[in-house]
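> Please read through the structure below; I'll follow up with questions.
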Amino acid sequence: MTGTERRTFVDAHIVASGFRGAMARHWALVVTLVAGMGYMAIITLLHSQAVSPIDEPQYIDYIDKVYGQGIVRSGEYLGELVRGLFACHGVIPFGVMGAACGSDMSDPSVFPFGGISSAPIYTPVQFWIDRLVGDAIGLIPGIDQLAGWRLVGTLWLGGGLVFCYLIARRFRATGWGFVAVALACVASPFGYWTFSFVSTDAPIFLFGAITLWLTMRIARGESSGWWLVALGAAGALFKATSLVAVGFAFVYLIAYRILQLRRSGATAGAVVRGVFGRTFWLPLLGVVANVVVAAVWTKLIPIFAVRSSAVDQGVATPPTFDLFGQQFVNFLGGALQWVVPQTDANNLFLPLQWLAVAAVVGAVLIYPRGARDRALPVSLLIGYLIAAPVLALSVVIATGSFFPIPPRYGIALIPALIAVVLPLMRNRWAVRALLAYTAVLLMYQLGMTLVFARWYP
Amino acid sequence: MTSTVASTNGRASGWRGLVAGHRPLVVLLPLSLALSWTIALAHGTGAVPPASQGLLAGPLTAVGGSPALGLLWWLWLAGALVLLESTARRFGARDLVVIAIGAVLAVSPVTFWAVGWAGSDGPLLFFGALAIWLATQVADGRASSWWLVPVALVAGVFGVATAAVFLIVLIQLIGVAVVRGGGWRQLIGAAVVALAASIVLPLIAAVAGIGSIPGTPPETGGQTLGPIGAALGILNAMVDTGLGALSHRGVGLAGAPEYFYVALGWVIVAGVVIAFFQARRSQAQAPLVVAVAAVALLTGPLLLVLVRAFYGEWLVLQPLGVAVLLPAFLVVTSTVIRNRGAAWLVIAWSGAVAVLGVVLAIVATG
């Protein structure tokens with residue numbers, strides 16, 4: 001037994017009770033949370049007032065307005081706060097936009113997308129949470145209001161990591177393996193842009209982790225499938241991409257049931273019949289609930305609208321077979337290392353893609369018959385392949401045009417990715433190599449944060 | 001996995017015994033021949049053959065478009081498949097797995113260019129497989145380590161990239177010596193000499209000003225890296241030239257659905273990375289796995305430094321110039337395919353890519 005293996009999740013031999021005992025048993029989670037959340041909080045506090053290019057000004061505007069008007073309506077102009085951020089601090093890496101800083105900013109049309117908010121496609125749920133929690137954080141001396149709102153991202157991250165840990169504990173994995181992979185996600189471009197700025201992807205990471213944790217409990221008969229219905233509906237209140245999480249849960253439960261029946265020696269007919277039980281219909285109902293809530297909200301948007309002008313972000317394009325085909329490799333190809341902005345050093349992140357691919361494809365290659373949970377790698381590969389095409393198809397059906405689905409929309413699958421790679425990490429040198437590489441990425445992201453703060457003050 | 005290792009029960013003599021003992025080759029050789037010849041014949045004479053490298057770059061470029069040579073070049077692939085089967089079996093790969101990795105080799109974008117035209121990539125595939133096979137034989141005590149030296153010398157004819165596979169051999173044999181706790185002088189001495197031998201002919205070519213290198217040559221006034229950009233160049237070379245080159249790229253033809261090849265490359269990425277994640281000192285393949293993982297990252301910097309030493313300039317490397325590494329990556333991949341369904345999936349996807357390759361050869365280069 002290697003040194004690394006000695007520190008496994010199976011630390012049940014630590015019988016000390018109370019706080020110290022819990023800390024000793026869950027040391028991997030403690031290390032990950034302290035390092036991951038601490039790092040993310042520091043990065044967030046080092047940011048200037050310049051905003052992320054991933055629609056952060058739209059979200060800040062929404063958060064700014066929720067106390068006064070509850071929701072932001074379609075066609076509404078961006079408020080003074082965000083116009084000031086555009087004009088005086090700018091968008092990373094594009095710089096200042098709109099009117100000159102300090103000048104008259106009353107003309108919204110000089111700001112991006114005609115100064116009209118694109119955020120009303122979201123329900124106000126996340127923005128209310130961000131506002132309430134962010135304002136509470138902002139009460140801490142030295143933390144300004146925007147930093148407080150952004151620091152909520154650290155909490156979404158922490159919550160997600162806790163559930164990732166609960167999932168990982170079900171597998172034969174080492175504690176340091178979990179620390180390495182989780183921190184690699186924190187240090188990745190996905191982690192940086194999602195959790196250190198205001199982002200609507202951040203809660204979907206937590207949502208994906210909770211959904212998978214619950215799904216694994218449902219598969220083993222430890223929880224009711226009705227939870228998935230409730231979760232499906234709740235997820236749509238945050239973002240339509242929560243469909244990926246509940247869709248994946250559906251696929252996983254079918255795969256789990258099929259493999260369970262086959263292991264018990266069931267005939268092909270019995271397998272088919274056995275699949276259509278509660279583990280089929282309730283998860284399907286969860287998917288339906290998610291789609292219905294999202295559809296209802298989509299129908300409500302024009303009812304609330306103050307004017308009919310839709311925001312054109314210039315990303316729509318006519319659908320083609322080739323564009324659609326590319327979606328099959330979209331999520332896995334860019335799961336961890338999709339990058340904004342483009343820099344000469346972006347190749348530094350490419351090994352993160354190798355990690356993601358190795359996790360998802362490698363788990364399918366290596367999991368032999370009789371492995372503890374073959375359903376997870378099989379369903380994860382299916383999920384990574386079809387989630388982006390499904391989302392793209394739904395966009396085409398809903399709008400008639402196509403837009404390239406960003407890999408970050410697959411964020412709900414990251415917890416499963418972490419779960420499948422952990423049992424594969426048997427070589428302590430591999431864990432150390434990943435930790436060393438992660439340390440380099442953390443330093444690089446810290447450096448980029450300081451550079452961004454200097455270039456876009 | 002229920003496939004049998006045919007070699008263990010292939011006791012019948014004559015051709016029947018040969019067939020029974022090498023069932024993967026019975027499948028792979030004719031199919032790869034049909035595929036390679038179809039692609040070679042589909043290439044139009046007006047299309048530009050891919051750039052060759054090494055001492056023979058000039059003559060190869062001159063005759064590269066010859067359809068007859070294009071047909072003959074399948075022999076390099078056939079040789080690589082034979083050696084790949086032998087090496088993979090040494091590390092416990094079942095028939096189905098050997099067919100899977102052989103299929104990936106036969107349909108990969110590297111092979112699309114390597115055997116459809118008479119260039120240097122075909123020989124590089126073969127020598128890459130030969131080096132790994134020979135090193136494994138040496139590690140098992142079945143061959144003298146000094147055989148590596150003439151092989152490296154000859155392989156060097158086809159370019160300085162050959163050094164990358166002999167770096168794998170060196171690290172692999174160091175690993176074997178470490179595990180054994182002895183035999184250092186014999187194993188490592190020959191491997192070091194072989195690594196040096198692999199760069200003798202590229203060095204002569206550089207001094208004499210003939211041949212070509214796997215990068216934008218200085219004499220063409222191509223893009224070169226200044227000393228300040230060298231560090232960034234090395235970083236890019238680390239991820240772009242080794243594993244990145246053989247796993248993230250398609251055939252590079254305008255309009256080709258490259259995502260077909262991306263999915264194929266995932267198998268190689270997963271193989272190399274997961275084999276390293278799983279490596280244990282007690283495994284026979286561990287030295288090779290560790291060597292391949294290391295060289296997957298070191299190839300780019302190694303080539304950059306060698307070319308800098310030979311030509312005096314930092315060059316932008318051609319990513320696909322490292323065909324020599326593909327057999328090593330696939331042998332390592334074979335050690336992690338333990339799921340029969342996954343092996344079938346790889347074979348099926350390789351079949352789809354084979355069809356795509358034929359279509360591309362007809363439509364895009366024909």
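The values are calculated or read from the model by the stated rules, or taken from the named source; none is laboratory data. This is a predicted model, so every value here is computed, not measured. Because the Cβ atoms are built from the backbone with ideal geometry, glycine has one as well, and the counts that use them run over all protein chains shown. The area values use the complete protein model at the heavy-atom level, side chains included, leaving out ligands, DNA and RNA. Shrake-Rupley method; radii C 1.70, N 1.55, O 1.52, S 1.80 Å.
> What residue, of B:L264, B:L253, B:L297, B:L304, is touching a strand residue (DSSP E or B) at 6+ places or on another chain (Cβ under 8 Å) and surrounded by fewer than 24 Cβ atoms within 10 Å (Cβ to Cβ)?
Within the list B:L264, B:L253, B:L297, B:L304, the selection yields B:L304.
> So, restricting to helices (runs of 4 or more DSSP H) that lie completely within segment A:54-153, which ones have at least 1 residues that are farther than 26 Å from A:F452 by Cα and of a type in the set (V, I, T)?
Output list reads A:56-69, A:125-138.
> Among the candidates B:A42, B:A20, B:A78, B:A34, which residue alone is among the small types (G, A, S), closer than 30 Å to B:W344 by Cβ, modelled with pLDDT of 80 or more and open to solvent by 50 Å² or more (accessible area, probe 1.4 Å)?
Sole residue among the options that is among the small types (G, A, S), closer than 30 Å to B:W344 by Cβ, modelled with pLDDT of 80 or more and open to solvent by 50 Å² or more (accessible area, probe 1.4 Å): B:A34.
> If you check A:R432, A:R454, which single one turns out to be within 14 Å of chain B (Cβ to nearest Cβ) and surrounded by fewer than 22 Cβ atoms within 10 Å (Cβ to Cβ)?
None of the other options fit; the residue is A:R432.
Okay, residues lined up against (1) under 17 Å from A:G138 (Cβ atoms); (2) modelled with pLDDT of 90 or more:
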{"position": "A:G36", "(1), (2)": "no, yes"}
{"position": "A:Y39", "(1), (2)": "no, yes"}
{"position": "A:S48", "(1), (2)": "yes, yes"}
{"position": "A:Y67", "(1), (2)": "yes, yes"}
{"position": "A:G75", "(1), (2)": "no, no"}
{"position": "A:C88", "(1), (2)": "no, yes"}
{"position": "A:V91", "(1), (2)": "no, yes"}
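> Which number in (1) under 22 Å from the mean Cα position of the chain (by Cα); (2) modelled with pLDDT under 90; (3) more than 14 Å from chain B (Cβ to nearest Cβ) marks the one condition that A:D312 misses?
The one condition A:D312 does not meet is (1).
> Then there is this: Looking at B:G271, is it within 12 Å of chain A (Cβ to nearest Cβ), surrounded by 24 or more Cβ atoms within 10 Å (Cβ to Cβ) and under 30 Å from B:I210 (Cβ atoms)?
no
> Now a separate question. So for segment B:160-175 (the condition being open to solvent by 30 Å² or more (accessible area, probe 1.4 Å) and over 17 Å from B:P202 (Cβ atoms)), does at least one residue qualify?
yes
> Does A:A234 satisfy being open to solvent by 30 Å² or more (accessible area, probe 1.4 Å), of a type in the set (A, V, I, L, M, F, W, C) and modelled with pLDDT of 95 or more?
So A:A234 fits the description; yes.
> Could you tell me which numbered condition B:T335 fails, if it satisfies all but one of (1) hydroxyl-bearing (S, T, Y); (2) surrounded by 24 or more Cβ atoms within 10 Å (Cβ to Cβ); (3) more than 10 Å from chain A (Cβ to nearest Cβ)?
(3)
> Does at least one position in segment A:357-372 carry a residue that is in contact (Cβ under 8 Å) with a residue 40 or more places away in the chain, open to solvent by less than 10 Å² (accessible area, probe 1.4 Å) and more than 9 Å from chain B (Cβ to nearest Cβ)?
There is no residue in segment A:357-372 that is in contact (Cβ under 8 Å) with a residue 40 or more places away in the chain, open to solvent by less than 10 Å² (accessible area, probe 1.4 Å) and more than 9 Å from chain B (Cβ to nearest Cβ).
> Out of segment A:31-53, which residues are open to solvent by 20 Å² or more (accessible area, probe 1.4 Å) and either part of a helix (DSSP H, G or I) or among the small types (G, A, S) (or both)?
Matches in segment A:31-53: A:V31, A:L33, A:V34, A:A35, A:M37, A:G38, A:Y39, A:A41, A:I42, A:L45, A:L46, A:S48.
> Tell me, yes or no, whether segment A:362-373 has at least one residue that is part of a helix (DSSP H, G or I) and of a type in the set (S, T, Y).
no
> Take the residues of segment B:338-363 that are within 12 Å of another protein chain (Cβ to nearest Cβ) and not aliphatic (A, V, I, L, M): which is farthest from A:L424 (Cα to Cα)?
Filtering segment B:338-363 for residues that are within 12 Å of another protein chain (Cβ to nearest Cβ) and not aliphatic (A, V, I, L, M), the one farthest from A:L424 (Cα to Cα) comes out as B:W349.
> Please find, among A:T279, A:T241, A:T320, the residue that is within 14 Å of chain B (Cβ to nearest Cβ) and among the β-branched types (V, I, T).
Of A:T279, A:T241, A:T320, the one residue that is within 14 Å of chain B (Cβ to nearest Cβ) and among the β-branched types (V, I, T) is A:T320.
> Scan segment B:277-289 for residues that are open to solvent by 20 Å² or more (accessible area, probe 1.4 Å) and either at pLDDT 95 or above or of a type in the set (G, A, S) (or both) and jot them down.
B:S282, B:A284
> Looking at segment B:233-268, which of the residues that are part of a loop (DSSP other than H, G, I, E, B) and at the interface with chain A (Cβ under 9 Å from one of its Cβ atoms) is farthest from the chain's Cα centre (by Cα)?
B:G255
> Another question, then. Among the residues of segment B:226-265, what is the count of those that are more than 22 Å from B:A296 (Cα to Cα) and either modelled with pLDDT under 80 or touching a Lys or Arg at 6+ places or on another chain (Cβ under 6 Å) (or both)?
6
> Can you tell me which of B:A196, B:A190, B:A206 is open to solvent by less than 10 Å² (accessible area, probe 1.4 Å), at pLDDT 65 or above and either more than 26 Å from B:L153 (Cβ to Cβ) or not basic (K, R) (or both)?
Of the residues listed, the single one that is open to solvent by less than 10 Å² (accessible area, probe 1.4 Å), at pLDDT 65 or above and either more than 26 Å from B:L153 (Cβ to Cβ) or not basic (K, R) (or both) is B:A190.
> Answer yes or no as to whether B:G79 is under 12 Å from B:A323 (Cα atoms) and assigned to a helix (DSSP H, G or I).
Spelling it out, it is not the case that B:G79 is under 12 Å from B:A323 (Cα atoms) and assigned to a helix (DSSP H, G or I).
> Only one of (1) more than 15 Å from B:L298 (Cβ to Cβ); (2) modelled with pLDDT of 90 or more fails for B:L167. Which number is that?
Result: B:L167 fails condition (1) only.
> Among the residues of segment A:436-451, how many are within 13 Å of chain B (Cβ to nearest Cβ) and either under 22 Å from the mean Cα position of the chain (by Cα) or within 12 Å of A:A180 (Cβ to Cβ) (or both)?
Final tally of qualifying residues: 4.
> What number goes with the only condition from (1) touching a Lys or Arg at 6+ places or on another chain (Cβ under 8 Å); (2) at pLDDT 90 or above; (3) among the polar types (S, T, N, Q) that A:T449 does not pass?
Failing condition for A:T449: (1).
> Sticking with this one: Among the residues of segment B:57-67 satisfying the criterion of being of a type outside the set (V, I, T) and open to solvent by 70 Å² or more (accessible area, probe 1.4 Å), which is farthest from B:V160 (Cα to Cα)?
B:P67
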